[in-house]
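Heads up: the structure comes next, in structure tokens.
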Amino acid sequence: MGDILVITEHLKGEFQDITFEMLGKAKELAGASGGQCIAVTFGNMNGKAGELGMAHSVVSVGGSDDFNPESYAAAVQSVVSAKSPSLVMVGSTSMGMDIANSVATALDITTVSYCADMSSSDGGFSVTSSMYGGKMNVVTDVSGSAVAMVLAGAFNADAGKSAGSPTVEDFAVDSGAGKVRFKQLIEPEAADVDITQSDILVAVGRGIGSKDDIELAEELADILDADLACSRPLVDAGWMSKAHQVGKSGMKVKPKVYIALGISGAPEHIEGMKSSSTIIAINSDKNAPIFDVAHYGMAEDLFDVVEELVEELED
Amino acid sequence: MLSPNEQIAFILLVVVCGRLAFQGFNRIFKTVKSGAKADRSDNLVGRFMNALIDVFLQKPIAKARPIVSMFHSFIFFGFSFYLLVNMNDVLEAYVDGWTTIGSDNIVAKLFNVFADIFSVFVLVGMIFFLYRRFVQKPKVMEFNTNVKLHPGVSAGGLKKDSLIVGIFILIHVGSRWLGTAMHLAGNGHTDSWLPTASIISGLFSNWSHASLETGIHVTWWLAMGLIVMFLPYFPRSKHIHLIIAPVNLALGRKTARGAMDGISNPASPGSKTLSDLPWPQVLDPWACIMCTRCHEVCPAHESGTPLSPSALEINKRYFINEQGNALFNDAGETALMDYAISDDAVWSCTTCYACVEVCPVGNEPMMDIMEMRRNQVFDAKMPDELADVLRSLDEQGNSFNESARRRQKWSKKLDIKLKNATKEPVKYLWYVGDFASFNQNCQDTTRKVAEVLSAAGVDFGIMGKKEKSAGNDVRRTGEEGLFEVLAEQNIKMLEKCDFEEIFTTDPHTFNTLKNEYPDKGGNYTVKHYSTLLLELIQSGDIDLKKKLDIKATYHDPCYLGRYNGIYNDPRDVMKLCGIDLVEMPRNKENSFCCGAGGGRVWLPDHDDMTQRPSENRIEEAVAVGVNKFTVACPKDMTMYADAAKTSGNEDTMAVKDIIDFVLEAMDLPEPIMEEIASSYPNEEVSTEPQSEGLDL
Amino acid sequence: MKIVVPLNQVPDLVEDLEVDASGKALDTDDIKFKLNEFDDHALEEAILLKESGAGDEVVAMAIDRDGADKMLFTAIAKGADKVVKLTGGNPADSHQLGKAFANALESEGFDMVFTGVQSVDDRDGQLGPIVASYLGAPCVSVVSGISISGATAVVHKEYSGGMMGEFEVDMPAVLGIQAAKQAPRYAPVSKIRQVQETASIMEASMGDVGSANGSAVASMAPPAKGSGAEMLDDIDDLIDVLKDKGAI
């Protein structure tokens, strides 16, 4: 079998957790299939190759330190063309999406998105994708080359962290047409709350129904001395500010207790909170995917539960 | 008898003022004509006869404010009679020797006594009204501070107009009365047919003949001259309601209240400007007497929000007056929502119909709002929450954003199996409705209805997941297209079913099925469940064994009562259950809306709201000394159950549905429920749970 | 500036989803389809740019399937100038879908293509970058802020933790839209019905969509319940848990 290429992801000079999550799994899969696990780094990240101990070797494409959809995709495309790996693992992230699809289409390779699990199967890999808002797991068997986009948090980051000294190869790549130019990184506005530091979070999702009803969640948060959080749709609707958003493009939180109210549990949200010590989910749909990640749950109307809870706690 | 110069002068005055007045009236006519089409030409004779009779009996105004209405009647009868009086005055001026004073003719004597008494009526009435507006200044005549007002109104225009009219009437009638007194003084003796004039004739007893003669001429000119000079002011004043109100009443809408008019121009539905409104609604401002009866009964205004139906009509009128002839050019393109009513106010209306019901001159401010909503919605201008609900109704067929398959979930707790009306024939098709199906405060009531009907052996069934919202409130938020789609789909489904009658617990559903679906091709016999319950009790199918010795009050739902005239069926049901019914002051057609209609149940309360209409109503019930508040509508149930809590009356006021009383009075034994379960075929409609949608 | 927006329908997640007898696909019996919400955002952003004067023409495209007509008429009701239905095939996966749109876009011409960043069923890749690759055009996806300056767009690409990367993109280009500047507007049914009377849908051939992406579904199943949440019965249990975990 061929090698497994892991496209590393970094921001502000640090490798992101997804890199290690993928490395750990790649090493495992490569081991089983007799190939090598090769990490691809960008810009000056080859300087931190020592963190990528899980990889057998590192291919450094150089180029810009700042992510650029066009040049990074072109670079990866060059590497994949040259190395012909049997599997390319890319993060199912904002950065990964630009790279994975572009490379796969240009090279006419199979793509599999939203990978929550992977294993070797005869002649190739068996990839499980979390689809339809997390309601269905779809298994795809791939053989020959494939690009797999891996969900953040699907695998364990610690299992992929290992100090080491993989050989680093400088690789000349195509730099792309120059039609996309990075200008600057924009930090989020300083907010009145940093939910990544909160011990207890009361998170609301679409089930809250209306902006006014968020008040109820606020009452609960007050009593528990907790902060409010929310899923993306509430931020898009203007009901809450981005500082409260938990999920793929929001905050990643690990509170002691995460109370999810009216949140269905789509992967993009889970990604942001699955590391919470205790997850309690209240959702009137007993089949909601959130109950798979939650530690405790109640399949009840969130308004009834929260009202009663607030009443009881007030006494 | 006037001097020849005076006679000529008066004729000239009539001509000049008449011409000016005519121009004013002509502008009214032209403005009304510029309104959109509406057909009110049916049975014109009958319409006018009925209107005149109603006006003569003072019925429209007596609907509210009885004491004030009494004083109005004084003025009405007095002023009406004054037509004859003025004619007599003209004769006196032009016909040598003509007078009714001192005549032996019985007609003349009767004329005199009426003229005398009515003069005083009018004066007393007018003084009362001036006192009311300027001294007493009742709060109800004020607009909430957040109501959009035309600058002319804010500057005190209403008071100014009232003052002008009031003073005119006082002088007109007063001077005529004084003139008569002077006449008597001149004759040297009183006349028992002119009692009050006789009394004050004493004031002039020592006036010289010449002075009296002058006085009589002066009072004549004051009376008659003033009324002629007043003519051009007429079209700019609320005083014109004398003429316009009866016309407005005669040409009023006679079709079913619960049937909204269709859209005349689908490419541009509803009304943006004054001329987009159907012409009877363009006529409304001139009928308006600025009495504020409408906003007194308006749940939106009463709860502090920016809607005043009164301000709407008044603003229209002030705008028209201000624009003058510019109205027929570009001023006519000004949007109503720029000057007459604010965006917030348009969406504050609950469509309860109280304003239309109470208006003494037949105005329909609510219809203006409906037209404006249609226009706004066509351009997707509406509160965001409403857009979400409409999307839900479009995609899922219900306003709760729940999967249609969950529509029958309420029945899972029942021991009985319900017939599926889409699969087998039933006698009664039960159109359950969104709220009764999905809202957790209402589901208990829905289940009890099923239990009662089952126990009574009624052959009924439901459509389950095939049922969609009937669309009554969708139409009232202005989304005519969505209403049509829902109606089409529902009618298609109903056509597949085999049933004799439809019944529903929801008055909104009842209203549209009964009044609006025929126009869309769905003609059914539709009943509210209170009617059905009454029939079943009277026929003995429902056997009431216990007499409940309870006192309770009953709240008339807007769409059952005011809209469809059904007041007694629910009351009869309650009485047959042995309930001692205590009425609230605002009952039957004066019922006070819970605040949920017109899509309001889907919208957040306005920031300025001081007290929810439903809380206000609960307090009314508390005040009549009952502890049971009876409803016959699922939206009422959820609104009042909540209001009882939020108004602090959770332990003092229980909210009951009429079905609660029926079920209790039936006193069913336990084993019967199991027997019933086995007598229905095993038809269970799938009720899968649903998810909350993609959540990131 | 001409913006073309490909629109796709996806299963409505309000319904419960079940696997069919083959074990490899969704049971289509009780499934409802609706416009992919990110495509809705893409359309909204395009229309907003047109309304602000930055764009001149908005064109919506859809594959000829059940419900495509309504979707396209709805786009017109929202403000699209022209709508095109692609006929002559049935794309089986994201790559074929991408090729179909790429073919049509080449004939239609464009300055910008806005697609939804992803959809609930795009197992085999996200449409935006795929279309861009076939067209040889630059692409930035996960975009939630666009401003136009001549033939260049300045876009904000969302990273995690609230961070964003600002990029300049030369047109013609493809953007994968995460969120428009405001929530997608409501299209009044009254207006859609009116539009159905007056507007017309253009048709174009989707051309050769090539072969499928080569990843067939082996199996499909709801996630294993196994170690799911411990379901609590009442509030008291919930309070116990909260106390136990240190929340109270």
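Values quoted throughout were computed directly from the atomic coordinates according to the rules given, and no laboratory measurement underlies them. All values reported here derive from a predicted model rather than from experimental measurement. Counting neighbours? That spans all protein chains shown, and the Cβs are built from the backbone with ideal geometry, glycine included.
Below are the figures for this structure:
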read-out	value
Helix axis angle, B:529-539 relative to chain B longest principal axis, alpha carbon, degrees	80
Mean separation of Cα contacts under 8 Å, 6 or more apart, over the residue count of chain B: relative contact order %	13
Rel. contact order, % - alpha carbon contacts under 8 angstrom, at least six apart, the range A:95-145	26
Residue-averaged beta-carbon neighbours from other chains (10 angstrom radius) around C:24-37	2
Chain C - share of DSSP beta bridges that are antiparallel (%, nearest 5)	40
Table column - 3J(HN,Hα) (Hz), the range C:95-100, Karplus curve with 6.51, -1.76, 1.60, x for Gly and Pro	5, 5, 4, x, 5, 4
The range B:13-76: proportion of alpha-carbon pairs further apart than 21 angstrom, %	58
Residues with amide H under 5 Å from that of A:MET136, placed H, sequence gap 5 or more	A:MET131
Computed Kirkwood radius, in angstrom, where 1/r is averaged over Cα pairs of the range A:1-44	10.8
Per-residue average of Cβ from other chains inside 10 Å of A:195-201	1
Within a Gaussian network of chain C (alpha carbon springs, distance under 10 Å), most fluctuating of C:ASP237, C:ASP93, C:ASP69	C:ASP237
Amide proton proximity set for B:GLY578, modelled H, under 5 Å, gap of 5+	B:LEU548
Using alpha-carbon coordinates, inclination of helix B:634-646 to the longest axis of chain B, degrees	80
The protein assembly as shown - charge dipole about Cα centre, Lys and Arg +1 at Cβ, Asp and Glu -1, debye rounded to 20	5120
Sum of side-chain charges, B:ASP191 neighbourhood, beta-carbon under 10 Å (Lys, Arg +1; Asp, Glu -1)	0
For the range B:254-315, size of Cβ-based charge dipole, Lys and Arg +1, Asp and Glu -1, in debye	140
Principal axes of chain A: Cα extent on each, largest first, Å	67, 44, 34
Sequence-separation-based contact order of chain A, relative, with Cα cut under 8 Å and 6+ spacing, percent	16
Karplus (6.51, -1.76, 1.60) ³J(HN,Hα), θ = phi - 60°, over the range B:44-54, in Hz, Gly and Pro reported as x	4, 4, x, 4, 5, 4, 4, 4, 5, 5, 4
Positive minus negative residues near A:GLY43 (Lys, Arg vs Asp, Glu; Cβ under 13 Å)	-3
Most mobile listed residue (C:ALA75, C:ALA102, C:ALA218) in chain C, GNM with C-alpha springs under 10 Å	C:ALA218
Cα gyration tensor shape of the range B:1-111, rounded if a/c is under 1.5, else prolate or oblate by comparing a/b with b/c	oblate
Within-13-Å neighbourhood charge of C:VAL169 [Cβ basis; K, R +1; D, E -1]	-2
C-alpha long axis of helix B:384-396 to longest principal axis of chain B, angle in °	50
Residues with amide H under 5 Å from that of B:ASP657, placed H, sequence gap 5 or more	B:VAL631
Dipole axis of the protein assembly as shown (+1 Lys, Arg; -1 Asp, Glu on Cβ), positive-most option in C:ALA54, B:GLY152, C:THR74	B:GLY152
Note, ³J(HN,Hα) from phi for the range A:198-210, Karplus 6.51, -1.76, 1.60, rounded to Hz, x at Gly and Pro	7, 7, 10, 10, 10, 9, 10, x, 4, x, 5, x, 8
Cα pair distances of the range B:534-671 binned at 10 Å [whole percent]	12, 41, 32, 12, 2, 0
DSSP beta bridge pairing in chain A, given as percent antiparallel to the nearest 5	25
Expected 222 nm ellipticity per residue - DSSP helices of 4 or more, -39500 (n - 2.57), all of the protein assembly as shown, to 500	-12500 deg cm²/dmol
Estimated dipole of the range A:154-292 in Debye, rounded to 20 [Cβ of Lys and Arg +1, of Asp and Glu -1, Cα centre]	520
Gyration tensor verdict on the range B:621-665 (Cα atoms; rounded if a/c is under 1.5, prolate if a/b is larger than b/c, oblate otherwise)	oblate
Relative pair counts by distance (%), Cα atoms of the protein assembly as shown, 10 Å bins	2, 8, 14, 17, 16, 14, 10, 7, 5, 3, 2, 1, 0, 0
Paramagnetic reach from C:ASP208 in the range C:127-168 [backbone N under 19 Å; point 7 Å along Cα→Cβ]	C:131, C:133-136
Fraction of alpha-carbon pairs over 20 Å apart in the range B:159-282 - percent	64
Gaussian network model of chain A, springs between alpha carbon atoms under 10 Å - residue of A:LEU23, A:LEU216, A:LEU87 with greatest fluctuation	A:LEU216
Dipole-positive endmost among B:SER469, B:VAL485, B:ASN439 within the range B:439-546 (Cβ charges, Cα centre)	B:ASN439
For the range B:254-399, diffusion coefficient by Stokes-Einstein and Kirkwood Rh (Cα), 25 °C, 0.890 mPa s, µm²/s	153
Free-standing Cys, chain B [no other Cys Cβ under 4.7 Å]	B:CYS17, B:CYS288, B:CYS291, B:CYS298, B:CYS349, B:CYS359, B:CYS442, B:CYS497, B:CYS577, B:CYS594, B:CYS633
Trypsin sites (Lys or Arg not before Pro) within the range A:1-89, DSSP loop, no more than 15 other Cβ atoms inside 10 Å	A:LYS12
